[in-house]
Amino acid sequence: ITYEGSYVAVVAKEILEPSPNFIVVYDLQSGTLFKKWKPTCNSVSLTISQKNMCVIAGLEDAQILIWDLVTGIYLKNYYTPV
């Protein structure tokens, strides 16, 4: 949830769908879907950066993906093998 309580980001999965899970952002003021992203593999962690309003996801293949929360534009990715 963003600091001011405007948005919440969650990882969701279609129950009968074999594809990876996806990330959705809901607008809490209107109660509607705001953004939806489908990474190439499952997300295992998710956060919203309060400082620069970015959604940051950690994927099971060791990637870190970053999107701009407001525009939805994909900004950057990092690969960090464990």
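The values are calculated or read from the model by the stated rules, or taken from the named source; none is laboratory data. This one's a predicted model, so the numbers in the text were calculated from it and none came from an experiment. Glycine gets a Cβ as well: all are built from the backbone with ideal geometry, and neighbour counts include every protein chain shown.
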**Prompt:** How about segment 42-60: which of its residues are within 27 Å of residue 17 (Cα to Cα) and surrounded by fewer than 13 Cβ atoms within 10 Å (Cβ to Cβ)?
**Reply:** 45, 47
**Asked** Only one residue in 19, 30 is modelled with pLDDT of 95 or more and in a loop (DSSP other than H, G, I, E, B). Which one?
**Response** 30
**Asked** Got a number for residues in segment 21-35 being crowded, with 16+ Cβ neighbours inside 10 Å and either out of contact with any Leu (no Cβ under 8 Å at 6 or more places or on another chain) or touching a residue at least 24 places away in the same chain (Cβ under 8 Å) (or both)?
**Response** 6
**Request:** Would you mind telling me which numbered condition in (1) in a loop (DSSP other than H, G, I, E, B); (2) of a type in the set (Phe, Trp, Tyr); (3) free of Cβ contacts under 8 Å to residues at least 24 places away in the same chain residue 3 fails?
**Result:** (3)
